[in-house]
Amino acid sequence: MKKTAFYPIHQKIGAKIVEFAGYLMPVQYSSIIAEHKAVRNSVGVFDVSHMGEIFIRGENALKFVQNITINDASKLFPGKVQYSAMCYPDGGIVDDLLVYKISDGEYMLVVNASNMEKDFNWMVENNLFGVELINASDDYSLLAVQGPNSKEVLTKVCQSPLEMEYYYFKYDCIADTDVLISRTGYTGELGYEIYFRGDESTAAKIWDAVFNAGKDYNIQPVGLGARDSLRLEMGYCLYGNDIDKSTNPLEAGLGWITKLNKDSFIGKDELIKVKEEGLRRKLVGFTSNEKIFPRHGYALMFSGKNIGYITSGTVSPILEKPIALGYLEVEYAFPGNKVDISIRGKEFPAEVVTLPFIKK
């Protein structure tokens, strides 16, 4: 198991550690609900150093990114970030990711930890443009500072003003360390992600600087448990649960990042065919007033007929009711439709709702 540069801190403050994507990671420190609410109400800090950073360099860098991702990277300029995905030729999803444009000849792709090796191999296999591919994942640490007070906290430690729009990034300095800081995150709240190189002592300096700056805001460390419940309240997809190689971005609600009008990209022909033939299923949100915990794989029923399955579920700490994502046959996938969740032979009523569950 790998350890991030923040691992000694997690141990010191009593985090519950679990194995995740090849890393020993904190799943919680105090409680998932308390950490979740800290992010929604003030500010929380996540170690997400397990994420992968892959650099693309060369005069054909844009051509490579355009071919391997489904969004239109030609719209990017230095300092801009884009949410995108990679697909197989059959339209199935390799991974969802972030594209950072560093310069005309350099991009950084931030990929999911569990897919890091697979993604890099996929890029190497499809390097038709002679670009340089560098998997720098082990060289970078990543700290996410999320919540309505995140700007006030980081303003105290950054050398320049944090006047960034959503999905922009810039270079700065925190605790005498050069950082790349982006206004991105996986919580639905105002938030930032801080990329930097360095050892455990560098990570400790940045951690201490951020937490000292956040004392007046009751800043809290947050683990993977609350990271999952926060993203689910916003209806954000998780690879391995809601999307994978058996799902395509159109049925997963990612049509908005699927630019079928751009030049050829891997999976384009099949996705055009899917759109022309019409979707057979859609990823939608559900809520229930029952005292249940909807889990991945539970069947979704309508009048005794199996019409889909749950991909992600939890009890929302904010709504205090069960919420879930799942795929439904398209004729049943409309807001207000009543369905049943099958749990151990019993069926519990639920309703299809418009995402996100928490309105921001």
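Just so it is clear, none of the values below were taken in a lab; they were calculated from the coordinates. Treat the numbers as computed from the prediction; the structure is a model and nothing was measured. In this analysis, Cβ positions are derived from the backbone assuming ideal geometry, glycine residues included, and neighbour counts consider all displayed protein chains.
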Likely footprinting exposure, 227, 280, 183, 57, fewest C-beta neighbours within 10 Å first | 280, 57, 183, 227
Where does the charge balance sit around residue 62 when Lys and Arg score +1, Asp and Glu -1, over other residues with C-beta under 12 Å from its C-beta?
-> 0
For the chain, the Kirkwood Rh over every pair of distinct alpha carbons, in Å, works out to 21.3
Does the stretch 188-279 classify as rounded, prolate or oblate by the C-alpha gyration tensor (a ≥ b ≥ c root eigenvalues; a/c under 1.5 gives rounded; else a/b over b/c gives prolate, otherwise oblate)?
-> prolate
Classify the stretch 47-191 as rounded, prolate or oblate from the Cα gyration tensor: take a ≥ b ≥ c as the square roots of its eigenvalues, call it rounded if a/c is under 1.5, otherwise prolate when a/b beats b/c and oblate if not.
-> prolate
Whole Å is fine, so just give me how far the alpha carbon centre of the stretch 84-133 lies from that of the stretch 204-231.
-> 29
Using a ≥ b ≥ c from the Cα gyration tensor of the stretch 305-360 (square roots of the eigenvalues), is it rounded, prolate or oblate, where a/c under 1.5 gives rounded and otherwise the larger of a/b and b/c decides, a/b for prolate?
-> oblate
Scaled to the compact-protein estimate 2.2 N^0.38 Å, what is the alpha-carbon radius of gyration of the stretch 235-346, rounded to two decimal places?
-> 1.16
Note to self: C-alpha centroids of the stretch 149-168 and the stretch 1-30 sit apart, in Å, by 26
Could you work out which residue, out of 43, 27, 145, moves most in a Gaussian network model of the chain, that is, has the largest mean-square fluctuation with Cα springs under 10 Å?
-> 27
Build a GNM of the chain with springs between Cα atoms under 10 Å: which of 335, 148, 249 gets the top mean-square fluctuation?
-> 335
Correct response: the longest run of the chain lacking exposed GluC sites (Glu not before Pro), defined by DSSP loop and at most 11 other Cβ within 10 Å, is 166-319
Give me the net charge of residue 198's neighbourhood, meaning all other residues with Cβ under 13 Å from the Cβ of residue 198; Lys, Arg count +1, Asp, Glu -1.
-> -4
Top positive-direction residue, dipole computed over the chain with Cβ charges, set 160, 123, 133 = 160
So the FRET efficiency between residue 264 and residue 212, C-beta based with R0 = 45 Å and rounded to 0.05, is 0.35
Tell me, what is the Rg over Rh of the stretch 126-273, with Rh the Kirkwood radius over Cα pairs?
-> 1.03
Pairs of Cα atoms farther than 16 Å apart, the stretch 34-92, % = 62
Helix-only CD estimate at 222 nm, as mean residue ellipticity for the chain, using -39500 (n - 2.57) per DSSP H run (n ≥ 4) = -6000 deg cm²/dmol
Grab the other residues whose beta carbon is less than 12 angstrom from that of residue 287, score K and R as +1, D and E as -1, and report the net.
-> -2
